[in-house]
Each structure stands twice: as structure tokens, then as C-alpha cells.
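The values are calculated or read from the model by the stated rules, or taken from the named source; none is laboratory data. As the structure is a prediction and not an experimental result, all values here were calculated from the model. Ideal geometry is used to build each Cβ from the backbone, glycine not excepted, and the neighbour counts take in all protein chains shown. Quick note on the areas: whole protein, heavy atoms, side chains included, nothing else; ligands and nucleic acids left out. Shrake-Rupley method; radii C 1.70, N 1.55, O 1.52, S 1.80 Å.
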Amino acid sequence: MKIWWNHWFSTAYHLINLMKNDNADITIIGTNSNPDCVYKMVCDEFYKEPSFKSTDEYLKYCLSFCQEHSVDVFVPRHNLTQIIKHKSEFEEIGTKLLANTDYESVIITDDKIKTYQHLISKGMQDVIPEFYVCKNAVDFSEAFHNLNSKGYKVCFKLSIDEGAITYHVIDKDRKSSIYKYSSASHLNYEEAYQMINSYSFKIPLIVMPYMNEPEISIDCLLVENELITIPRYKLGGRVSKVSFNTEIIRITKTIEKQFQFDMPFNVQYRILDEKPMLLEINPRMSGGIQLSCMATGINIPRLALHKLLGQKLEWNYPSVSDIKVAHIETPIIIR
């Protein structure tokens, strides 16, 4: 069986190993625009992706690649939404997508504003933090001052964002210093306003309270009508803790019922005023899912593959909760 991973995060190194799990019947094909990406070292075949001018052009590449390499299962990350939209075209050439293929659900969860508005419409406003949609610098200024007047520190990002690359925190009293504050994402209000004032607002901005409690990342997969939920608390540095908090699990199961997720997905929360608040929903495996798998012994990538193929694998929750797990950087020779 040939399985293709296209342009994933570097942590796909671990996810591919989890999926293979010493299975000699699986051939992993990897691609990336970076010929030195680390996960090429766990692929049986690897190819450099050329550059593309549009998503349509990339879609044609994907379809052609699947045909040329007789791909049985495609695990997409790059251009995920467009690939899902054309699911039937992959099925016609004999390629199954290991992805959540309900296009409407993916479109909603791609956009933080749409996600919040959708869940509010379903009566889940209690887990949605106060937020403002900003389409110009005036909106941004008003949102900041409204939240700040309530005693909140403020953060913002684009409504469509991956890997928090547009995420910033406003510390109104921050002073310029040669020393790094705590993160490059921290700005004072004047710096933030100057940045926003020059932005095109092609993608709207979402402004909300900054929540400084540990992020809670829930790795999920629905199997046999039971939702696997692994809550992973990011404690700081490289340490996380898996803790099966019943309230977080209950909220996650309620959220799952509002979407049509049949493959792995990820839900993220932070605590605000002692209540869990939703940050975002990712309709794919998270970049840290290998930590959840290591801590619990539940191999989500392999379970997802067998589910896609109509096969059942046994799994069980661990007998203990509060399992700490960490990661270290390991040197790898890239050939």
C-alpha cells in the first residue's frame, strides 16, 4: 500500500513512524518544497515539490502525482481545503483521502470567526471568549480599548491563520529594550496600531482577551461511535501533561457533534476566568499529536489508517491520568 504525505510539518517524522509501526506492507511517499525536510528520512520515497502559482495548479499536481505513483492513501496537509473540495476526483483515480472530507465543516473551522459564529448559533456561547471582528484600524482600536477597559490584556491574529504565525499579544506598558521581552509576538499598543494601520485587511482580524493559562490541546478521533479524546496541557518549555479532565472532554464531545469529523482533528482551549474557552479547531492531526500518542499508547495515525480501510484496531485509555511527556531535539543526518 502506498501512502503519500504532502508538505507536512517537520513533526510528520514522528507521525509517519507511528503509522508505519513496523508494518512492512506500507510504502510511505513524502514530498516537500524543501529537499532537506527531516521527515524524508522516514519515507521510502521522497520527491521535491516544484513551486506553483495557484492552488488550482497545486491541485492538478496532486491528482497527477497520485496517478503517476499509484497512491492508495493521501494524507494531505498543504492546500488541504482545496484537496477536500475535490475529494471525488481523487476517489475516481483510486486514492482515498485520510482527512476530514466534509467540506462545509472544514471551511468553517478554517476560519476562527466562522467557527465562533457557528458554535454560538448552536448554543455554545459559554465556551466562546468575547471577541471582535476588525476590518480596519478603527475597529481594532475600539476593540482594544473595550477589552482593556474591562481589565483584560489583549491579543489578536488573523481569522485564517496556521501555526499562530499572525498571533500577537499587546502589553500596553512594554518598553523597547535590547533584551528580548518574552516572545517576538509581544508588542505595545503603539507598535500594534502601526502594524495594523498598514495592513490591507484582506483577511479580517480577530481581537480577544489574552489568556495566560496553559494551552490545552485535545487530539481526537471518532472510532466505533466513540470519540477518542486526549487532553494535553502545555505546561511550558518542552513539557506537557495528559490529564483526562471530564469537563474539557464533555465540551469537546459537544463540539464534535456540530461537525462531521471522521478522521483525526484537534481542539484547543485556554482557561479564562476559571472557564475553558475555545481557541480554535484544526480539522487535521496537530503538530504535537505524537506526544499524546506516546503518553497514552493510543496510536491515532495508525487507528485512522485502519478506520479508513474499514479495519478495526483495539485501543484502550491508560489506567492512570496526569501523565507528563516531553520532547528533546535529536540530531539526524539528512541524506
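Overview of results
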item	result
Label point distance in nm, ASN148-PHE52, each placed 7 Å from Cα along Cα→Cβ	4.2 nm
Separation of the LYS122 and THR330 label points, Cα + 7 Å toward Cβ, nm	3.7 nm
Ranking by accessible area, most exposed first, for MET294, MET19, MET41 with a 1.4 Å probe	MET294, MET41, MET19
Pairs beyond 27 Å (Cα-Cα), from LYS85/LYS234; LYS2/LYS114; LYS172/LYS275; LYS253/LYS324; LYS87/LYS312	LYS85/LYS234; LYS2/LYS114
Computed over the stretch 248-303: relative contact order in percent, which uses C-alpha pairs under 8 Å that are six or more apart	27 percent
The chain: relative contact order as a whole-number percent, Cα under 8 Å and 6+ apart	17 percent
Quarter of Cα convex hull surface for the stretch 79-228, i.e. mean projection, nm²	12.4 nm²
The chain - Rg and Dmax from Cα coordinates, angstrom	20.8, 61
Linear extension gain, LYS85 paired with GLU190, 0.36 nm per residue minus alpha-carbon span	33.7 nm
Accessible area of TYR193 in the full protein assembly, 1.4 Å probe (Å², nearest 10)	80 Å²
Lys/Arg +1, Asp/Glu -1 at C-beta; the chain dipole; positive extreme among GLY288, ILE255, ILE84	GLY288
Pairwise centroid distance, computed over Cα atoms, of the stretch 157-173 with the stretch 214-253, Å	23 Å
Spread of Cα-to-Cα distances over 10 Å intervals beginning at zero, given as percent, for the stretch 257-335	14, 33, 38, 13, 2, 0
Extended-chain gain in nm, criterion 0.36 nm per residue less alpha-carbon gap, VAL133 and SER200	22.7 nm
Nearest-10 value in Å² for the accessible area of THR296, using the 1.4 Å probe	10 Å²
Principal axis box of the stretch 30-115, alpha-carbon based, largest edge first, Å	37, 28, 26
The chain - share of DSSP beta bridges that are antiparallel (%, nearest 5)	70 percent
Probe 1.4 Å, all protein chains present, accessible-area order of PHE90, PHE201, largest first	PHE201, PHE90
Rounded accessible area of SER10 (nearest 10 Å², 1.4 Å probe)	80 Å²
Alpha carbon centroid spacing (whole Å) that separates the stretch 102-128 from the stretch 271-335	23 Å
Equivalent-ellipsoid semi-axes of the stretch 211-315, from the Cα gyration tensor, Å, largest first	23, 16, 11
Solvent exposure, largest accessible area first (probe 1.4 Å, DNA, RNA and ligands not counted), of ASP102, ASP219, ASP56	ASP56, ASP102, ASP219
